[in-house]
Amino acid sequence: MTFQKKYTATSLISGLTRIEMLIALYDRAIQHCQSFERDIETGNNSGATFHEFKAQKLICGIHAGIDQNGTELVDNLNRILEYCSTKVAERQPATAVHSLTILRDAWEQIREESNQLEAAGSIPPIAIMGTSMEVTV
């Protein structure tokens, strides 16, 4: 199943708005990075590998959902998410947690406005979004 289809299916089932789904993805990526860090510290190699994979998968999923329109904001988001992915790969998940948390908190600040825009139809809900993104995770 493609990421977009999972994203859409989850939204339809749970009733989450677009911004709520995005924040939930950040929350899960942060949680897996924190678990990865804990597993590294305790020497739990199998747990560390599991959480590293899950963190990378979520970061890639967030990254794949960015509309690549070439704006400065998009370029900066791309750089930050690539940096987070690199830090996870370098076994420095605490650094990724810091950056992901800053981004997550920024999205949280516009949650209410985004939900209002989605309710008014200015932002299309996830369910009617095109399925051109074919990234499997």
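Just so it is clear, none of the values below were taken in a lab; they were calculated from the coordinates. Keep in mind that what you see is a predicted model, and the values were worked out from it rather than measured. Cβ: placed from backbone, ideal geometry, glycine included. Neighbour counts: every protein chain shown.
Taking only the C-alpha atoms of the stretch 24-78, the Rg (one decimal) and the largest Cα-Cα distance, Dmax (whole number), read 13.7, 42 Å.
A simple count of charges around Ile19, restricted to other residues whose Cβ falls under 10 Å of its Cβ and scoring Lys, Arg +1 and Asp, Glu -1, yields -3.
With Rh defined as the Kirkwood radius, the inverse of the mean 1/r over Cα pairs, the Rg/Rh of the stretch 18-137 is 1.01. Once the C-beta distance of Thr42 and Trp107 is scaled by a Förster radius of 25 Å, the resulting FRET efficiency is 0.20 to the nearest 0.05. Electrostatic bookkeeping for Gly43 treats Lys and Arg as +1 and Asp and Glu as -1; over the other residues with beta carbon under 14 Å from its beta carbon, the sum is -1. Backbone phi angles across the stretch 46-55, fed through the Karplus curve with coefficients 6.51, -1.76 and 1.60 (θ = phi - 60°), yield HN-Hα couplings of 5, x, 4, 4, 4, 6, 4, 4, 5, 4 Hz in residue order; Gly and Pro are listed as x.
I'd like to compare 43-56, 61-74, 24-37: which one has the highest average count of other Cβ atoms within 10 Å, and what's the full order after that?
Going from most to least packed, we get 24-37, 43-56, 61-74.
Stretched out straight at 0.36 nm per residue, the stretch from His98 to Ile80 would grow longer than its current Cα-Cα span by 5.4 nm. Note that the stretch 78-89 has calculated 3J(HN,Hα) couplings of 4, 4, 5, 5, 5, 4, 4, 4, 5, 5, 5, 4 Hz, one per residue in order, obtained from phi through the Karplus relation 6.51 cos²θ - 1.76 cosθ + 1.60 (θ = phi - 60°); glycine and proline are x. Taking amide H as placed 1.01 Å from N in the peptide plane, the amide H of Leu16 sits under 5 Å from none that are at least 5 places away or on another chain.
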